[in-house]
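S.K.: Have a look at this one.
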């Protein structure tokens, strides 16, 4: 019997890379997309219009696919750019032609570039538009092309790597430890996708999830973001959201969370998905106790009452 197929965007490094290896370990054939094919490629990744940064970031599709194939499954790399709809269409078509199906999509890729950490007064509107295009429209392009395959094959799972910036205010202005308007707007738009598609595809055995990873220590956070007030040493490892994604696409109980946003660090810790990880940091001002973790904005009032994340979540259903 052929393996199921996972399609992951932004998989040259960070969360996407580890999601790819986790799903390969779970027995999926894995197709990965990103812009960076070979290690050492240079392109613009500065978060501000105030300066340019084209230094090479660690990671590449070639490096990730080696890790995928080490698990004894098939791996496929397809270069794509979230701002280039034609490349997205070509990527999905290539996977469907090669393997005949896509069972899982992980929308991890997002806009990288100027405007991410610039305040409104300094940001050309075109850069805000690009963030919405990459973070909210690109996933829809991929979904439109891949969902018919899921329907034909009797089901599937789509996971959006979301962000608390889409439903909560930053702790400070962009450049001082917070994020800019374009990022929050685009992630807010992405957050609306799962709940609506859950209804549109009801009865088709297709689940739609958002996984909010919290602050994660990725390669790019380490290299780029200290100057904007982000300390990578305080982030959780990429394995945390990746373990949550693996659970969601392999565990039958995941269907109970269909259409919902899942606080990744809390879920991972409370479900024991990564026993070697001590768990998320306590949120300042929240009473200590079981389940009181760094919620990044979701139902903070219930966290303060000492309710574990899963209990609070289930009570809201």
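The values are calculated or read from the model by the stated rules, or taken from the named source; none is laboratory data. Since the structure is predicted, the reported quantities are computational estimates derived from the model, not experimental observations. Don't worry about glycine lacking a Cβ; one is built from the backbone with ideal geometry, like all the others, and counts go over all protein chains shown.
S.K.: Might you let me know whether region 275-282 holds any residue that is surrounded by 17 or more Cβ atoms within 10 Å (Cβ to Cβ) and either in contact with a strand residue (DSSP E or B) (Cβ under 7 Å, 6 or more places away or on another chain) or modelled with pLDDT under 90 (or both)?
M.R.: The answer is yes, given that some residue of region 275-282 is surrounded by 17 or more Cβ atoms within 10 Å (Cβ to Cβ) and either in contact with a strand residue (DSSP E or B) (Cβ under 7 Å, 6 or more places away or on another chain) or modelled with pLDDT under 90 (or both).
S.K.: Give the residues of region 45-101 that are farther than 20 Å from residue 128 by Cα, at pLDDT 95 or above and assigned to a loop (DSSP other than H, G, I, E, B), sorted by residue number.
M.R.: Within region 45-101, the first condition is being farther than 20 Å from residue 128 by Cα, and the residues that meet it are 54-80, 86-101.
Okay, now just the ones that are also at pLDDT 95 or above, so 61-80, 86-101.
Listed by number, the residues that qualify are 70, 71, 72, 73, 74, 80, 100, 101.
S.K.: Turning to a different aspect of this structure: Taking the condition within 19 Å of residue 143 (Cα to Cα) and in the same structural domain as residue 110 (by TED's automatic domain parsing), does residue 70 pass?
M.R.: Considered against the rule, which asks whether it is within 19 Å of residue 143 (Cα to Cα) and in the same structural domain as residue 110 (by TED's automatic domain parsing), residue 70 comes out as no.
S.K.: Which of the residues that make up region 79-102 are surrounded by 22 or more Cβ atoms within 10 Å (Cβ to Cβ) and either in contact with a helix residue (DSSP H, G or I) (Cβ under 7 Å, 6 or more places away or on another chain) or farther than 27 Å from residue 163 by Cβ (or both)?
M.R.: Within region 79-102, 80, 82, 88, 92, 102 qualify.
S.K.: Right, here's the next one. How many residues does region 165-217 contain that are within 17 Å of residue 144 (Cα to Cα) and part of a strand (DSSP E or B)?
M.R.: Of the residues in that region, 4 qualify.
S.K.: Quick one: which residue in 36, 21 is closer than 30 Å to residue 153 by Cα and under 22 Å from the mean Cα position of the chain (by Cα)?
M.R.: 21
S.K.: Can you confirm whether region 147-160 contains a residue that is over 20 Å from residue 87 (Cα atoms) and touching a residue at least 60 places away in the same chain (Cβ under 8 Å)?
M.R.: Yes: region 147-160 contains one or more residues that are over 20 Å from residue 87 (Cα atoms) and touching a residue at least 60 places away in the same chain (Cβ under 8 Å).
S.K.: Now, a different point. How many residues, within region 242-259, are touching a strand residue (DSSP E or B) at 6+ places or on another chain (Cβ under 7 Å) and either surrounded by fewer than 22 Cβ atoms within 10 Å (Cβ to Cβ) or in contact (Cβ under 8 Å) with a residue 40 or more places away in the chain (or both)?
M.R.: Looking only at that region, the number is 8.
S.K.: Okay, moving on. Only one of these conditions is not met by residue 165: (1) surrounded by fewer than 18 Cβ atoms within 10 Å (Cβ to Cβ); (2) closer than 30 Å to residue 251 by Cα; (3) out of contact with any strand residue (DSSP E or B) (no Cβ under 8 Å at 6 or more places or on another chain). Which number is it?
M.R.: Result: residue 165 passes all but (1).
S.K.: If I filter region 227-241 down to residues being without any contact (Cβ under 8 Å) to a residue 40 or more places away in the chain and under 18 Å from the mean Cα position of the chain (by Cα), which single residue comes out as surrounded by the most Cβ atoms within 10 Å (Cβ to Cβ)?
M.R.: Filtering region 227-241 for residues that are without any contact (Cβ under 8 Å) to a residue 40 or more places away in the chain and under 18 Å from the mean Cα position of the chain (by Cα), the one surrounded by the most Cβ atoms within 10 Å (Cβ to Cβ) comes out as 240.
S.K.: Can you tell me which condition residue 240 does not meet? The list is (1) at pLDDT 95 or above; (2) not assigned by TED's automatic domain parsing to the domain that holds residue 179, and all the others hold.
M.R.: (2)
S.K.: Moving on. Can you go through 182, 178 and tell me which one is touching a helix residue (DSSP H, G or I) at 6+ places or on another chain (Cβ under 6 Å) and touching a residue at least 12 places away in the same chain (Cβ under 8 Å)?
M.R.: Answer to the check: 182.
S.K.: Could you count how many residues in region 113-133 are in a loop (DSSP other than H, G, I, E, B) and crowded, with 20+ Cβ neighbours inside 10 Å?
M.R.: Result for region 113-133: 6.
S.K.: Let me ask something else. Return the residues of region 24-44 that are touching a residue at least 24 places away in the same chain (Cβ under 8 Å), more than 24 Å from residue 130 (Cβ to Cβ) and assigned to a loop (DSSP other than H, G, I, E, B); say none if nothing qualifies.
M.R.: The answer is 26, 27, 28, 38, 39.
S.K.: Condition test on residue 12, is it crowded, with 20+ Cβ neighbours inside 10 Å, in a loop (DSSP other than H, G, I, E, B), within 18 Å of the chain's Cα centre (by Cα) and in the same structural domain as residue 110 (by TED's automatic domain parsing)?
M.R.: Answer is yes for this residue.
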